[in-house]
1. In whole Å and largest first, what semi-axes does the C-alpha gyration tensor of segment 95-169 yield when each eigenvalue is scaled by 5 and square-rooted?
2. Shape call for segment 126-186 from the C-alpha gyration tensor, a ≥ b ≥ c root eigenvalues: rounded (a/c under 1.5), prolate (a/b greater than b/c) or oblate?
3. How would 84, 184 line up from fewest to most surrounding beta-carbon atoms within 10 angstrom?
4. Any chance you could get the radius of gyration and Dmax over the Cα atoms of segment 36-154, in Å?
5. When 205, 72, 151, 165 are ordered from fewest to most other Cβ atoms inside 10 Å of their Cβ, what list results?
6. For each of 208, 78, count neighbouring Cβ atoms within 10 Å of the residue's Cβ, then give the residues from fewest to most.
Ligand code: HEC
Ligand code: HEC
């Protein structure tokens, strides 16, 4: 009779085991964020599409450039979306409302909030304005990625930045420092001066950039620098707030480079550090998806371990009983 009781347990055990394998093997469940690859891709194209695609920039100025006369840049830069629309995506209504970057060209933030991706694509392929035609250079997939980024990936950070001092409001510097040291210091140095890049015609450190153009800093830390191996916060699962925390910390780094300090010692990251599977958490829905997929993965694993344990115990009991 005892045998019969036990015999019931085995099918249940097998079902549990199979179920947990199924959960783990479901890439669509665990890697739900891969459907969002278009956002970082679109963001990189927005920053610098020819660098992102390893192409040569077109010759001369972008045709629309001649519609303005305040901004004296010329050549390749005039073909970058960001040159006309701004790192805060607000064009003439945002950070580019004055200064050497001013063009008078509109932002894309409002369009991104109110228009459908197809309408954005009609803007990008010249259907609405033949001078605003990127279809000779960008594939259909690229235009889709841009439209996806513009309609779902734009973040208005102005609520989190003091528009007079450009300091981060409500940031958590400790979290920022931790993330910075884990993900950024290996290339940029503990003091942000390990890599010098060009900003407004000068060699800049991260401290300089964070204080002078926080929007550019935020876009870059979320989406990387096209054409380099820089990490992409979005793909690390950073939330918008994580990005602002890192900005806050970076604003405390030295703003001008002095004699380089000794090479930074990188704190080793534990090999098992739980990389959250992605969730950009740019919206409630994506963060929910991420949370669910993480839970599903965790749950699947727990069930697997529990099922294995139960299996071993049952097997032991069975062996002992059958000996009697
Ligand atoms: C040389 C400057 C310039 C560049 C580069 C540029 N744009 Fe524009 N963009 C404009 C101007 C000017 C307008 C509005 C007038 C028009 O439609 O031509 C505009 C309009 C838009 C609009 C519509 C905004 C609305 O309110 O409907 C979107 C979206 C847009 N651009 C996205 C992009 C993207 C994406 C890129 C890069 C692939 C890009 N732009 C590159 C100048 C530029
Ligand atoms: C694998 C190396 C690497 C890592 C890790 C890295 N970066 Fe970078 N970063 C680069 C390179 C290369 C550049 C481009 C320098 C240039 O333009 O010459 C760059 C440029 C930047 C820029 C300025 C780009 C510009 O022109 O405005 C910012 C801001 C930045 N990184 C922030 C970060 C942050 C924040 C992190 C951590 C999340 C990070 N980086 C991690 C390699 C890295």
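1. Ellipsoid half-lengths, sorted descending, are 27, 16, 10 Å.
2. Since a/c reaches 1.5 and a/b is larger than b/c, the shape of segment 126-186 is classed as prolate.
3. Ranked by crowding around the Cβ, least crowded first: 184, 84.
4. Considering segment 36-154 through its Cα atoms, Rg and Dmax are 13.3, 38 Å.
5. 72, 165, 151, 205
6. Fewest-to-most ranking of 208, 78: 78, 208.
Since every read-out is calculated from the coordinates, none of them should be taken as a lab result. Nothing here was measured: the structure is a model prediction, and the numbers come from that model. Because the Cβ atoms are built from the backbone with ideal geometry, glycine has one as well, and the counts that use them run over all protein chains shown.
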